[in-house]
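What follows is a short report on a single structure.
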Amino acid sequence: MTRHSNPASAADDKNRPLIEDIRLLGRILGEVIREQDGPDAYELVERVRQLSIAYRLKSDNEAGQALDELLRSLSNDQTVSVIRAFSYFSHLANIAEDRQHVRRRRLHERAGHLQEGSLALSLRRLTAASVSPEQIGRSLRSAHISPVLTAHPTEVQRQSILAAERTIAELVECRETLLGARELADNEALIKARVTQIWQTRMLRLARLTVADEIENALQYYDATFLREIPRLYRALEEALPGEQLAPFFHHADPLIALRLAPLIRAVEVFGFHLATVDLRQSSDQHEAVLAELLRVARLEENYGGLAEPARCALLLRLLDDARPLRVRGGDYSALASGELAIFEAAASLRQAFGDHAIRQYIISHTEEVSDLLEVLLLFKETGLLRGTLREGAQSELIVVPLFETINDLRRATAIMRSFYATAGIAKMIGASGGEQEVMLGYSDSNKDGGTFTSTWELYKAETSLAALFAGLHQSQGVTLRLFHGRGGTVGRGGGPSYQAIMAQPPGTVNGQIRLTEQGEVIASKYANPEIGHRNLETLVAATLETTLLPPTRRAPARFLAAAEALSVASMAAYRQLVYETPGFADYFFSATPIREIAELNIGSRPAARKASNAIEHLRAIPWGFSWGQCRVALPGWCGFGSAVDAYLGGQDGERDARLALLRKMHAQWPFFTTLLSNLDMVLAKTDLGIARRYVELVEDDALGEHIFGLIEAEWRRTQSALALITGEEQRLSSNPSLARSIEHRFSYIDPLNHLQVELMRRSRNSTPADAAAMERVQRGIHISINGVAAGLRNTG
């Protein structure tokens, strides 16, 4: 085995198979472009590629100027052709990188190197901590670990393309076992056929997704990954825990049954005949509107919406203790009330047809008061999902899950839940209904509300406080808390590596119970490839076991908590001053990002904004973050941190040195702070203010554009400096060189997409009604560029 004294040489050796795969797929794509669109199209794409690499990787300013002039001179058709080429290259590069991840993992496993997040390493740590197999088995039997594929992802790829890409991935994998030149040539021909297929396939959807489409999209991952890999995961656990009957039917199974029938039995046990548990979710204001109508028609309360909170709760509790229904036979109800009640009744019917696990959770968006939970329980009672009355052994078929989304909601979460459980009959009802209480925490809206640091800190505090409340409720009432983390793909929406995220949870908040959402491009990147899907599922189990069974890390010292609180206050002030209090910021955002174009892209069943206005308050968090990612600013992932650190370190030199030493100690010793800074590091590495400046050209008011961008750039520089000051790392991703190299090479292929996106947005926004025919092609090019940038950056959802 060759030893390398030069780390760069060793890294080159490790990455050589990856580079070869990328070159193979890039060459095949070039051949397809030449054959399908002609040699001129191929030569243009190749010229753009060479100039972009020279400018990005070799800092050749002349190449950068030539690239800019070339891209501006392209016709609409040429622009779309180049955009398609670089977008599909991003997709193919993702396939090669996924293959490299699997390849490297297998090499580590064969060499006996245990990787962070693997079950083998977690079990070794548990054994070293004197945790017995019996304890692990008991923990697993009571555990609830659930990645939740959301029904409104920012996934912009079509299923036909994803299917072709899965086949390409399988063919690339096969190449490592092929022996002769003929076999390799045949394999390459098959890859080329699939690349030709995706080149001939329309990249964009013609119609906006429906909810049914989104569900169908999510279900493909069950067939590709979950149905196969989850039984494998259980089998690995059983082999690692001999004698532990994680599944009683394996105990006396013979070898043939264990190999062939056991995975099917396990799949049936895990998925039942309903396949996937579906969450129901609706906003609290809709429940209020339905109940107000029911009460008005029944002549029980003319103005429910005008009641104060105590009066609402008193009325709702009285009705929950009344066995009579609210609906009046023959009553004239609105489409809203009839439709919402029909959904509840359909849920009851589906549970009867497919079992209790077909639908288990009901999520209340915008939970702000105890009455928001009581309203849903009353609607349950009205539709047969709650039996009995509060005084006489009421039982709810569904878990009522409050969702706390904004900063203020998070701060009030524990008080609301404490009041809810102090309400007569509630704790007894929850206990009789299974003793489970789920609480969902919103990462996206809290980030849009208060910035990334404050959002993360308020989530931490809310989790700690809720865990303390339910520790007492568990002892007195037998109620178990499960936190449901509403994370997105971007760091600004709670994204980042799942293992580190779970390990950074406050002590005592996991306890074998965790749900977390998977959204956007993250779904495909984690679960489209079965082996990578297995690794991600394994990581969730490993992290949950470690946080549950290993001796808890000591709670963060008071001075750590005080420092985080001070940083949070300053960070939120800086973030809100920029985003909500700077005159013209909303106009800048709607001009200098592709938010208008994203709103037109058929990537989800819901509109980009909750109300028809340009107010940032009304914009949904997903397109907010998605837009900033497209223009390479990624503002939700870092904004406010630099100002917060500056404010915290301000003062006399002696005080500054002491506070800086404390921040460095927090980074070294506190998982919460370590993970937060690691995520900041990753998101800053994916930003590029040089590219972002191009989007400023789209702001009609030049002075406004320069002013706002100057504020953003200043905060970005403060954040870069603060991160380097605390971590001691001047270069981004110094601790993750493989990701740094991946991003560096990706940028050469993403940059042209950004440049062309800006150019087409300019043409579109300056067009007149007479240009309508040409603008259809321009709009398509913009939307394809959005697809390509999202694929290149990967964690954009």
Fill in the blank from the handout: Along the dipole axis of the chain (charges at Cβ: +1 for Lys and Arg, -1 for Asp and Glu; origin at the Cα centre), the most positive-end residue among N76, I28, F673 is F673
Practice task
List the residues whose amide H sits under 5 Å from the amide H of L516, counting only those 5 or more places along or on another chain, with H placed 1.01 Å from N in the peptide plane.
Solution key: S146, V148, H485
Practice task
For region 702-737, run through the GluC sites (Glu not before Pro) and keep only the ones in DSSP coil with at most 11 other Cβ atoms within 10 Å of their Cβ.
Solution key: E730
Problem - Entries in K14/K526; K461/K526; K526/K686; K381/K428; K381/K461 that, when Cα-Cα distance is taken, lie over 24 Å - result: K461/K526; K381/K461
Handout entry: Solvent exposure ordering (accessible area, 1.4 Å, most first) of Y749, Y55
Key = Y55, Y749
Practice task
Work out the FRET efficiency for N408 and Q200 from their Cβ-Cβ distance, taking R0 = 51 Å, and round it to the nearest 0.05.
Solution key: 0.50
Handout entry: Probe 1.4 Å - accessible area at I230, Å² to nearest ten
Key = 30
Completion exercise
Calc'd 3J(HN,Hα), region 76-84, phi into Karplus 6.51 cos²θ - 1.76 cosθ + 1.60 (θ = phi - 60°), Hz, glycine/Pro = x, comes to 4, 5, 4, 4, 5, 4, 5, 4, 4
Exercise for the section: Note the angle between two axes, namely the Cα long axis of helix 211-221 and the longest principal axis of the Cα atoms of the chain, as a number of degrees from 0 to 90, rounded to the nearest 10. Expected result: 70
Problem - Stretch gain in nm, segment N187-A468, where the contour uses 0.36 nm per residue and the Cα spacing is subtracted - result: 95.3 nm
Exercise for the section: In Å and from the alpha-carbon atoms only, list the Rg and Dmax of the chain. Expected result: 27.4, 85
Completion exercise
Taking R559, R780, R762 and ranking on accessible area (1.4 Å, protein atoms only), highest first, one gets R559, R780, R762
Exercise for the section: Counting only C-alpha contacts under 8 Å and six or more residues apart, can you give the relative contact order of region 22-117 as a whole percent? Expected result: 28
Handout entry: Difference of contour (0.36 nm per residue) and Cα-Cα distance, R318 to L57
Key = 87.0 nm
Practice task
Let me have the relative contact order for the chain, percent, based on Cα pairs under 8 Å that are six or more residues apart.
Solution key: 18
Problem - 5 angstrom amide H check on S283, placed H, neighbours 5+ away - result: S365
Handout entry: Mean projected area in nm² (Cα convex hull; one quarter of hull surface) for region 351-488
Key = 8.2
Exercise for the section: Provide the FRET efficiency to the nearest 0.05 for the Y580-R765 pair, computing r from the beta carbons and using R0 = 22 Å. Expected result: 0.30
Problem - Order by protection proxy (mean Cβ within 10 Å, highest first), peptides 19-31, 358-370 - result: 358-370, 19-31
Problem - Distance in nm between pseudo-label sites at Y333 and E239 (7 Å out along the Cβ direction from Cα) - result: 5.4
Exercise for the section: Provide the FRET efficiency to the nearest 0.05 for the S142-I19 pair, computing r from the beta carbons and using R0 = 45 Å. Expected result: 0.45
Problem - Rough spin-label spacing in nm, given labels placed 7 Å along Cα→Cβ, for A348 and S738 - result: 5.3
Fill in the blank from the handout: Checked region 44-94 with the C-alpha gyration tensor, a ≥ b ≥ c its square-rooted eigenvalues, rounded below a/c of 1.5, otherwise prolate if a/b is larger than b/c and oblate if not; verdict oblate
Fill in the blank from the handout: Whole-number value, in Å³ per residue, for the convex hull of the alpha carbons of region 1-142 is 210
Handout entry: Sequence of R632, R659 from largest to smallest accessible area, 1.4 Å probe
Key = R659, R632
Handout entry: Protection proxy ranking of 568-577, 764-773, 452-461, 265-274 - average other beta-carbon atoms within 10 Å, highest first
Key = 452-461, 568-577, 265-274, 764-773
Practice task
Report the label-to-label distance for S130 and E302 in nanometres (one decimal), using points 7 Å from each Cα along the Cα→Cβ vector.
Solution key: 7.2
Handout entry: Mean separation of Cα contacts under 8 Å, 6 or more apart, over the residue count of region 260-400: relative contact order %
Key = 33
Problem - Contour excess over end-to-end distance, with Cα ends at E116 and V211 and 0.36 nm allotted per residue - result: 30.5 nm
Problem - Total formal charge among the other residues, if their Cβ is under 12 angstrom from that of L119, Lys/Arg +1 and Asp/Glu -1 - result: -1
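The values are calculated or read from the model by the stated rules, or taken from the named source; none is laboratory data. This is a predicted model, so every value here is computed, not measured. Neighbour counts are summed over all protein chains in view; Cβ atoms, including those assigned to glycine, are modelled from backbone coordinates with ideal geometry. In case anyone asks, the SASA skips ligands and DNA or RNA and just uses the protein heavy atoms, side chains included. Shrake-Rupley method; radii C 1.70, N 1.55, O 1.52, S 1.80 Å.
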